[in-house]
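Reviewing the structure listed below.
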């Protein structure tokens, strides 16, 4: 895979170099042709308008400028393709055939200049994306078994290797820190400018920048398998996808050329003015219409990528702007995903320390946030936890394990009841409902020995994000959670959600999403991409949060947010709507330009028509380029919660 990534990098670099070389060559030819036309113009004042010198300069300039367009049009026709150069090519041939060499040259000059601007702008819009390739260094410091460093090519790295990264270096592969402390700038992956502190055991990503300390890293993914490699390839794929309006243009464009040719022929028949017919051909080249959508989409994808929003298909970007309902899971999405033990309520005759020790011991092998909270409190209390045997976890309900020969169950009230445990001997957590606890019951054998109250904290930016969504017209914001109603009510109230669903098991999410769709909403589902995969697929659009480093999250959703900042969702809706407005502006301008141009063809000479065509392409390109900077206010803001890894 590392070798594939090297080829991927090399192919992308070669493609860019090839395009830049072709641009340079075309620019040289355009400038040379332009100089010949200027010489011809100057020669008219020196030698007279009909002299051989002026005519030969004009003819050579027209050939140099017009031939590339004519040849490209002929090759396209032979291949059965249509790039709209055919109209300009016919105009050049007609002007050349009638001896209007300067007109033919000027048409060619401005058409080539227009194409150069379009190509250069496309390269410029992709610059921020293509720069991702260059973020991965070409060399890495490989650690041998005796700790000796050896400089190797990044393409030679494989999973299981150990590498050393010094301050100021870019990290060459995804991996896990084995030793060393440092801060890492992960803006290239997550879009967050706040550095992330790294300690042994934490994950690092290829292409991110190590800032302060040296670290030894065990490689987990190399080459194209890294998060950066996947992001790069998916973004490049997205640029080649199409939204419905682009497909409509492709479908009807085949009728466009015959229609324009018919109009030009009718004008020529009635006016006998070849210049007017040439003007119609040149001004009807629909470059502004063809550029209207792709330039806006590439600019929008670039803006989204800068903020860590990975759009795989531009059609998904369009759906985001039509969203009317948002459905999201509470834990890890609007909350930090980190639970804190807030209360220990043991049954009569049971010590709080015993309750905590039994629960923490049984949860040792679980990766659930509740299990981590119990481990942390037990560690702070200096409790010695015995080993757990026969560990079993029932998703969404609880765990069972054998600790010191006794069966321990930790989970929901319903989970314990299903397993024949009577919980009548403990106080009712409903008495503490104003606290909004998530409650874990603990049973030892057949007896309930108490309950533990845990609480999650909402993300600081989540409330603001929900408010922004409501302000921009999202009619329904639904929060789903497996917690009790009291907890759900507290969190939903803090965030300003329109509704919530408590006691929600993974399979329930799918039914809720489908019901909201039946109510007539365009539904966007936000989740972590793992246990939310069915619901993500059921929505009109699925967005995976915190996808950096998670192949499942990147692959399961239509759009992946590389960090956990919910404010990216209002940004996504706004950039989608802004892009739609820019596309409509571009299309309106392009169509209006052609209609007005054809109407005024009698008063516009062919050379002026070529210049106006060039100017119309510039207007569309610069209008789309405004999207590249969209969302810069988010780019410069940082939040401590976003730095959690």
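The values are calculated or read from the model by the stated rules, or taken from the named source; none is laboratory data. Owing to the predicted nature of the structure, the values given are computational and were not obtained by experimental measurement. Note that we place each Cβ from the backbone using ideal geometry, even for glycine, and neighbour counts take in every protein chain shown.
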> Restricting attention to region 425-457, which residues are modelled with pLDDT of 75 or more, part of a loop (DSSP other than H, G, I, E, B) and more than 15 Å from residue 355 (Cβ to Cβ)?
Replying inline: 446
> Within region 313-336, restricting attention to residues that are farther than 17 Å from residue 567 by Cα and touching a strand residue (DSSP E or B) at 6+ places or on another chain (Cβ under 7 Å), which residue is modelled with the highest pLDDT?
Replying inline: 319
>> So residue 362 ticks every box in (1) surrounded by fewer than 19 Cβ atoms within 10 Å (Cβ to Cβ); (2) touching a residue at least 40 places away in the same chain (Cβ under 8 Å); (3) under 43 Å from the mean Cα position of the chain (by Cα) but one. Which box is left unticked?
In response: (1)
>> Looking at region 338-353, can you tell me whether even one residue there is in a helix (DSSP H, G or I), on the phi < 0 side of the Ramachandran plot and outside the structural domain of residue 69 (by TED's automatic domain parsing)?
In response: yes
> Do the conditions hold for residue 460, that is, is it surrounded by fewer than 16 Cβ atoms within 10 Å (Cβ to Cβ), at pLDDT below 85 and touching a helix residue (DSSP H, G or I) at 6+ places or on another chain (Cβ under 9 Å)?
Replying inline: yes
>> Could you check region 383-407 and list, in sequence order, the residues that are part of a strand (DSSP E or B), surrounded by 14 or more Cβ atoms within 10 Å (Cβ to Cβ) and within 45 Å of the chain's Cα centre (by Cα)?
In response: 388, 391, 393, 394, 398, 399, 400, 401
> Going by the structure shown, is residue 268 touching a helix residue (DSSP H, G or I) at 6+ places or on another chain (Cβ under 6 Å), part of a helix (DSSP H, G or I) and modelled with pLDDT of 85 or more?
Replying inline: yes
